[in-house]
1. Any idea which of A:GLU37, A:GLU2, A:GLU20, A:GLU68 is closer than 30 Å to B:ALA154 by Cα and facing another protein chain (nearest Cβ under 9 Å)?
2. Kindly indicate whether any position in the stretch A:76-92 is over 30 Å from B:GLU24 (Cα atoms), basic (Lys, Arg) and either loosely packed, with under 12 Cβ neighbours inside 10 Å or more than 9 Å from chain B (Cβ to nearest Cβ) (or both).
3. With A:LEU120, A:LEU54 as the choices, which residue is of a type in the set (A, V, I, L, M, F, W, C), surrounded by 10 or more Cβ atoms within 10 Å (Cβ to Cβ), more than 10 Å from chain B (Cβ to nearest Cβ) and without any contact (Cβ under 8 Å) to a residue 12 or more places away in the chain?
4. Just one of (1) part of a helix (DSSP H, G or I); (2) farther than 30 Å from B:LEU45 by Cα trips up A:LEU110, so point out which.
5. For the subset of the stretch B:29-60 comprising residues that are in contact (Cβ under 8 Å) with a residue 60 or more places away in the chain and β-branched (Val, Ile, Thr), which member is farthest from the other protein chains (Cβ to nearest Cβ)?
6. For the stretch B:10-22, check the following and say yes or no: at least one residue is within 19 Å of B:LEU132 (Cβ to Cβ), of a type outside the set (A, V, I, L, M) and either assigned to a helix (DSSP H, G or I) or more than 9 Å from chain A (Cβ to nearest Cβ) (or both).
7. Give the residues of the stretch A:5-17 that are of a type in the set (Lys, Arg) and within 8 Å of another protein chain (Cβ to nearest Cβ), sorted by residue number.
8. Can you tell me which residue is farthest from the other protein chains (Cβ to nearest Cβ) among those in the stretch B:61-103 that are closer than 30 Å to B:THR9 by Cβ and at pLDDT below 90?
Amino acid sequence: MEKFKNLLYQSFDRKLTPAEQKILDDALIRSNELKNEKLEIEKMRNMLEDYRPLISNDFTAKVMNKIENRKTFYTVFKYLVMTGVAAIILLLVTIYFTDGTVSYETLSGLSGYTPETDLLSMFN
Amino acid sequence: MAKKHNLYTKDIELVTKIKNGNNEAFRQLVMRYRMQMIKVATAMLGNTNDAEDVAQDSFIRFYNNINQYNGDAALGTYLTKIVMNLSLNLLKKQKSEKWKNNTLKVNYDKQNTDPYKNIDNRALIEKSLQLLPGDYRSVVVLRLVQGYSTKETADLLGLPLGTVLSRLARGQQKLKTIINNLQKG
C-alpha cells in the first residue's frame, strides 16, 4: 500500500511513466482506501491553494514609513557630515591665515611653545 | 502568456520609476506584491509579528538594492526569493521549537469532522504548517501555497528537482497527518 501511496502523492507533481500510471490506476480501482487518500490530498491541496493570510491595514504605510525614515536619516547624516567637513576646512583656513602654516603644532595650539619658556615664566 | 508578459512589462516600468526616485511607484509595487510576500512569510513563520516584519523587510531590502534587479527573473519570483531567504534565516536564528510548544489558539471548529471543508480556516493551515519540519515546509509553501512549478521551486530553493519531488510527496503525507491530528484535538 505504501508503494501505491507514494505513487499517488508523486502523481500530483510529476508526470508518471505509463507503467507507473497503470500501476496506480489499477490500485485506485481495487482500493477504496487509496481512493479516499486521493480525495483527501485533493482537498488539502485546494485548501492550501486557497489560503489567504490576514494583512494588517497599515502594511503598505509601514513599509513606506520605513523607506521615508531611512531617507530622512541619510539626509540628516549627509548634512551633518557636510557641516563637519565645512567646519574643519574653515578651521584649517583660519589657522593658515593666522599662523601662516598648518602643522601639528599650530593645530594643537602649541606653536611657539618651548619648555624653557614655561620654566622661565615660573620664576618671573 | 500575454497577461504574464504584460505584468512583466508593468513591473519593469515600475522598477525603472523607482530607480528614478519615484516613491509612488514603489507604493504601487508593495500593493501589488504584499499578499504574495505575506503569504510566504506567514506560511513559513506563522501568523506572528515576525512574519509581517519579514515581509516588510523584504520590500525594504529590495528597495535598498534595487539596482541589483536587472529583470532576468520575474519580479514576483525575485521578491519571493528574498522573503523566503529572510524567513529561513529567521527560522535558523530562532532554532527553538517554540511553535510546537506554544499556546496558540487554533480557531477552527473542532466539531467539524472534515477539516478540508473549512477552506477559509487560516489558523488551521498556519498551525499545521508550523508543525511541519522546515525542509518540507519551504517546499510545500512554494509549491502548494504559492503555486510555483516544481522546477521553479527547485530553482528558488537551490535544490535538485528530485529532492523537491521527494520532499513534496513526504511533506504532504506529514501535513495530512498533522491536519488530521489537529482536527482530533
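The values are calculated or read from the model by the stated rules, or taken from the named source; none is laboratory data. Treat the numbers as computed from the prediction; the structure is a model and nothing was measured. Virtual Cβ from ideal backbone geometry, glycine too; neighbours counted across all protein chains shown.
1. That would be A:GLU37, the only listed residue that is closer than 30 Å to B:ALA154 by Cα and facing another protein chain (nearest Cβ under 9 Å).
2. Scanning the stretch A:76-92, I find no residue that is over 30 Å from B:GLU24 (Cα atoms), basic (Lys, Arg) and either loosely packed, with under 12 Cβ neighbours inside 10 Å or more than 9 Å from chain B (Cβ to nearest Cβ) (or both), so the answer is no.
3. None of the other options fit; the residue is A:LEU120.
4. A:LEU110 satisfies every listed condition except (1).
5. Step by step, filter the stretch B:29-60, then rank; the result is B:VAL40.
6. no
7. Hits for the stretch A:5-17 are A:LYS5, A:ARG14.
8. Checked the stretch B:61-103; the qualifying residue farthest from the other protein chains (Cβ to nearest Cβ) is B:ASP72.
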